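For reference, the structure is listed below as structure tokens.
The values are calculated or read from the model by the stated rules, or taken from the named source; none is laboratory data. All of these numbers come straight from a predicted model, not from anything done at the bench. All Cβ positions, even for glycine, are placed from backbone atoms using ideal geometry, and neighbour counts span all protein chains on display.
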Amino acid sequence: MGHIPDFVTTPSAPPIYQTTAFDVPDLDVLNDIHLGRARGFIYTRDSNPNHAALGRSIAQLENAEAGAVFASGMAAIAAAVMTLAGSGDHIIVARSLYGVTLKLTRRLENSFGIRTTYVDATNIDEVTQAVQPQTKLCLVETISNPLLEVTDIPGIAAAIPQVPLIVDSTFTTPVLIRPLDHSAALVVHSASKYLNGHGDVMMGVCAGSKALVRQICDTSSVFGQNGNPFESWLTQRGLRTLPLRMQQICRTTNQLAEFMATHPLISRVYHPSLAGHGTAETAQRLYPQGTGGIITVQLKGEGRDVVTRFMRAAREIPFSPTLADSRTTISHPASTSHAFMKREERSAIGITEEMIRFSVGLEPFELLRDEIDQALNAVAQR
Ligand SMILES: *Cc1c(COP(=O)(O)O)cnc(C)c1O
């Protein structure tokens, strides 16, 4: 049929392999590909050159043997947990995890009988005491949302060496920390965030040992959680600028944290670079280059009305219920990530109505400083 030009090309950028399946010349080759004896691909739900390329890049960045690609961060986390734990098993998870990850563990408990203990991940004794004979994994994030509590990854790994530690490093990326170097068993990311970094992809990745990643890929094939070629390609392109982006974002974020910490219209700033932060010491030890682009602030005033007024005045900083776009965005934890909690539950863990979470992007510091200052003054002047 001649639908592919019959000559060898050497494209400088990787092509997109937008295909459902791959033609196989004979059954011997098919068998060899299945057994991993020959290079090749069969069906895109299992694997595709764009998945494979992105998986290799992630493995390299995370200093891992292997990496894999999923349709979203949630698909990556779900595939990992369902691979390591099953009915009757027990898992330990941080109480402060991303809201939908907590929803996932609740679902796995209610529908699939995976028992869960929720812990304060900054309290290593509490994590250690949660271990049971049937404990199959411990799931934590590098830095929590929205209060930016830094998890002591090497501390937890050393305290419970018999339990595989899964680290969601979405907030920090391999530029700032490589959890496997600190004895984690697996690292997962929502690549929808910094890894892609342009706010136009849904994707997840994981990296770890060859054996574990192979098992997780088997789970994701069965549950249909694989990513698609185009978004793998976009994410891989995003990775080219990841180190530069993270450097710039960390620098601007630290400057903004300092600026906002002394602003008369802000009552509190949550950022690990500030001396008063509860986990500032852990941050200094584990994150010499910075802790990424998330800052949470408590506005002066009362009720969510101050947030609405800030949003209306800060035209250059859009409200967007995601993070890690190249643009700076704001979010309101009480009505997005923590909307599923009752107001009293939220205030018990320190999340208030007047809190705004910034995800700092690539704009110059001066532009962001002036826009925030102008918006705060507009709120105060009403
Ligand atoms: C966004 C996010 C997820 C979920 O990722 P999706 O790509 O949206 O499915 C998981 N963990 C953290 C920390 C996140 O920020």
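Summary of values
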{"quantity": "Any hit, the range 36-57, residues being touching a strand residue (DSSP E or B) at 6+ places or on another chain (Cβ under 8 Å) and free of Cβ contacts under 8 Å to residues at least 12 places away in the same chain", "calculated": "yes"}
{"quantity": "Residues of the range 190-207 that turn out to be touching a Pro at 6+ places or on another chain (Cβ under 9 Å) and either more than 13 Å from the ligand (Cβ to nearest atom) or acidic (Asp, Glu) (or both), as a count", "calculated": "1"}
{"quantity": "Inter-residue pairs, beta-carbon under 6 Å, first under 13 Å from ASP168 (Cβ atoms) and in the range 186-210, second more than 7 Å from the ligand (Cβ to nearest atom) and among the polar types (S, T, N, Q), 6+ apart", "calculated": "VAL187/SER169; HIS189/SER169; ALA191/THR235; TYR194/THR173; LEU195/THR235"}
{"quantity": "Test for GLY88: is it at pLDDT 95 or above and touching a Ser or Thr at 6+ places or on another chain (Cβ under 8 Å)", "calculated": "no"}
{"quantity": "Set PHE310, PHE319: member being aromatic (Phe, Trp, Tyr), surrounded by 13 or more Cβ atoms within 10 Å (Cβ to Cβ) and in contact (Cβ under 8 Å) with a residue 60 or more places away in the chain", "calculated": "PHE310"}
{"quantity": "Pairs where the first residue, in the range 104-128, is within 13 Å of SER87 (Cα to Cα) and the second is outside any loop (DSSP other than H, G, I, E, B) and charged (D, E, K, R), C-beta under 6 Å, 6+ apart", "calculated": "THR116/GLU109"}
{"quantity": "Residue match in the range 335-353 (condition: more than 16 Å from the ligand (Cβ to nearest atom), among the hydrophobic types (A, V, I, L, M, F, W, C) and either under 19 Å from ALA257 (Cβ atoms) or touching a Lys or Arg at 6+ places or on another chain (Cβ under 7 Å) (or both))", "calculated": "no"}
{"quantity": "Any hit, the range 133-145, residues being buried (at least 16 other Cβ atoms within 10 Å of the Cβ) and touching a His at 6+ places or on another chain (Cβ under 8 Å)", "calculated": "yes"}
{"quantity": "The listed residue being closer than 29 Å to ARG56 by Cα and away from the ligand (no atom under 16 Å from the Cβ), out of ALA85, ALA80, ALA159, ALA75", "calculated": "ALA85"}
{"quantity": "Among (1) at pLDDT 95 or above; (2) surrounded by fewer than 16 Cβ atoms within 10 Å (Cβ to Cβ); (3) within 21 Å of the chain's Cα centre (by Cα); (4) not aliphatic (A, V, I, L, M) - the single one ARG357 does not satisfy", "calculated": "(2)"}
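A quick yes/no check of all residues on (1) closer than 24 Å to ALA76 by Cβ; (2) under 18 Å from the mean Cα position of the chain (by Cα):
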position	(1), (2)
TRP233	yes, no
GLN247	no, yes
PRO264	no, no
ARG268	no, no
ALA275	no, no
THR279	no, no
ARG285	no, no
THR291	yes, yes
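Residues are listed down the side, and each one gets a yes or a no for (1) away from the ligand (no atom under 16 Å from the Cβ); (2) under 23 Å from PRO146 (Cβ atoms); (3) among the β-branched types (Val, Ile, Thr); (4) out of contact with any strand residue (DSSP E or B) (no Cβ under 8 Å at 6 or more places or on another chain):
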{"site": "VAL188", "(1), (2), (3), (4)": "no, yes, yes, no"}
{"site": "LEU212", "(1), (2), (3), (4)": "yes, no, no, no"}
{"site": "VAL222", "(1), (2), (3), (4)": "yes, no, yes, yes"}
{"site": "PRO229", "(1), (2), (3), (4)": "yes, no, no, yes"}
{"site": "ILE249", "(1), (2), (3), (4)": "no, yes, yes, yes"}
{"site": "GLU258", "(1), (2), (3), (4)": "yes, yes, no, yes"}
